[in-house]
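Worksheet for the structure shown next.
Coordinate-derived values only; no laboratory data. This structure is a prediction, so every number in the text was calculated from the model and none was measured. Note: ideal-geometry Cβ built from the backbone for every residue, glycine included; neighbour counts use all protein chains shown.
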Amino acid sequence: MANESNPHRARHARIHHGGSLSIAQGRVLRALNCGGMLTRTQIEAAADLTKWMAKRTIADLTRRDLIFASVRQGRYQITQSGRNTLAAKSPGFGQLES
């Protein structure tokens, strides 16, 4: 019972269940879901985003706890909540067109 009243856990529950993803957010999550730690520049290229859009999208996803800045400065990883959120979307969500 004590864990259910934990404010940190409750905040994560709200984030996980609420909100939607933009196409840019889906692209970033998809790029990070392949594994590893990517720099913003690598995310820009993988997600086909401008520098400004990548910075904004990374900030939004970090704020929602769907990605996090790793110990290695300037690199990002997807969280389990990010993987779950991406998995809940249709299989093609956020994919770049061939």
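Listing for the model above:
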quantity	calculated
Long-range HN-HN contacts of Arg75 with modeled amide H, under 5 Å	Ser70
Unit Cα scatterers, Debye sum, region 42-83: log10 I(q)/I(0) for q = 0.17, 0.18, 0.30 Å⁻¹	-0.43, -0.49, -1.14
Nonlocal amide H pairs with Ile67, under 5 Å, H built at 1.01 Å	Thr62, Thr79
Spin-label model distance (nm) - Phe68 vs Arg83, 7 Å beyond Cα toward Cβ	1.4 nm
